[in-house]
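Only one structure is covered here, and it is reproduced in the block below.
The values are calculated or read from the model by the stated rules, or taken from the named source; none is laboratory data. None of these values were measured; they are calculated from a predicted model. Cβ: placed from backbone, ideal geometry, glycine included. Neighbour counts: every protein chain shown. Remember, those area values only see protein heavy atoms, side chains included, never the ligands or the DNA or RNA. Shrake-Rupley method; radii C 1.70, N 1.55, O 1.52, S 1.80 Å.
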Amino acid sequence: MSDLLDKLIDNAQVWQASRQRQVVRPGAESTGYAALDAYLPGGGWPRGAMIECLTDAAGIGELRLMLPALQRMTRAGQTVFWIDAPHIPYAPALARADVDIRQLITIQTQSREDQLWTLENCLRSPGTGLAMVWLDSARRSDIRRIQLAAEAGNSLCILFRHSRHADQQSPAALRLQLTPGENDGQLCPDILKRRGGWPVSDLQLAIPPVVTQRPEPASNVIQGPWSQAH
């Protein structure tokens, strides 16, 4: 029994409230934000695990938080799935943000069972880099199914859920509650749960904006005779 417990502790599968264990996890993906990576075991998003991002509303910067991972994975030829996103991804802005939109697949499902089946199969696919899903409601058994699929595929899995679920127990390896900062371009990710450590609050990240329009080069502006000096 003691050997098994030691193994679980070494793998950071037992939460030790007394201290934060810095365990190097192969394949952990940097979030792209050093201030957040410093608090995550392995220094980034845990692969082969489920991550919950809880928000009060969509559009507060949660996708910009994922932008570094989107850039890195799509450029490496890995597929990123958007499942039941509340809005259609704006492809021109993503392309200008150096995301390879050829690697993005959006899926809309018709029921919870369809949603779970789709997410499980995406996570188990060897070509998947990241699967993001927006969940209205889910049973604990549903979330456990998702966790097992993420482990099987060793891919990233992000569940976007409403913050009213923050008090519920969850088998997720990492849980973040996201709120907008006081200033534009700021996001505050409170860590509600992480492997091997206490929750963390009062973090503030500077989230760069995504340019949605590119200024027209001056050489392409049509000029008429009225603009010429006489």
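Miscellaneous remarks
- Contacts under 9 angstrom Cβ, first residue in segment 129-141 being outside any loop (DSSP other than H, G, I, E, B), partner open to solvent by 60 Å² or more (accessible area, probe 1.4 Å) and aromatic (Phe, Trp, Tyr), 6 or more apart: none
- Selected residue (only one of Ala95, Ala150 is buried (at least 20 other Cβ atoms within 10 Å of the Cβ) and either more than 23 Å from Leu205 (Cα to Cα) or of a type in the set (Gly, Ala, Ser) (or both)): Ala150
- Per-region count, segment 98-120, residues farther than 22 Å from Ala57 by Cβ, open to solvent by 80 Å² or more (accessible area, probe 1.4 Å) and part of a helix (DSSP H, G or I): 3
To keep it simple, each residue is scored yes or no on (1) part of a loop (DSSP other than H, G, I, E, B); (2) open to solvent by less than 10 Å² (accessible area, probe 1.4 Å).
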residue	(1), (2)
Tyr39	yes, no
Leu54	no, yes
Ala58	yes, no
Leu65	no, yes
Gln71	no, no
Thr74	no, yes
Phe81	no, no
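- Lone qualifier among Thr106, Thr79 - being over 21 Å from Gly185 (Cβ atoms), of a type outside the set (A, V, I, L, M, F, W, C) and either touching a Pro at 6+ places or on another chain (Cβ under 7 Å) or modelled with pLDDT under 90 (or both): Thr106
- Selection count where residues are farther than 24 Å from Leu67 by Cβ and either touching a strand residue (DSSP E or B) at 6+ places or on another chain (Cβ under 8 Å) or open to solvent by 10 Å² or more (accessible area, probe 1.4 Å) (or both), scope segment 127-147: 10
- Residue count, segment 50-90 (criterion: free of Cβ contacts under 8 Å to residues at least 60 places away in the same chain, touching a His at 6+ places or on another chain (Cβ under 9 Å) and on the phi < 0 side of the Ramachandran plot): 1
- Any hit, segment 184-195, residues being open to solvent by less than 70 Å² (accessible area, probe 1.4 Å), modelled with pLDDT under 90, assigned to a loop (DSSP other than H, G, I, E, B) and under 24 Å from Gly61 (Cβ atoms): yes
- Condition met for Leu156 (open to solvent by less than 90 Å² (accessible area, probe 1.4 Å), modelled with pLDDT of 85 or more and under 26 Å from Asn121 (Cβ atoms)): yes
- Residues of segment 87-114 satisfying the condition of being under 18 Å from the mean Cα position of the chain (by Cα) and of a type outside the set (A, V, I, L, M): His87, Pro89, Tyr90, Asp98, Asp100, Gln103, Thr106
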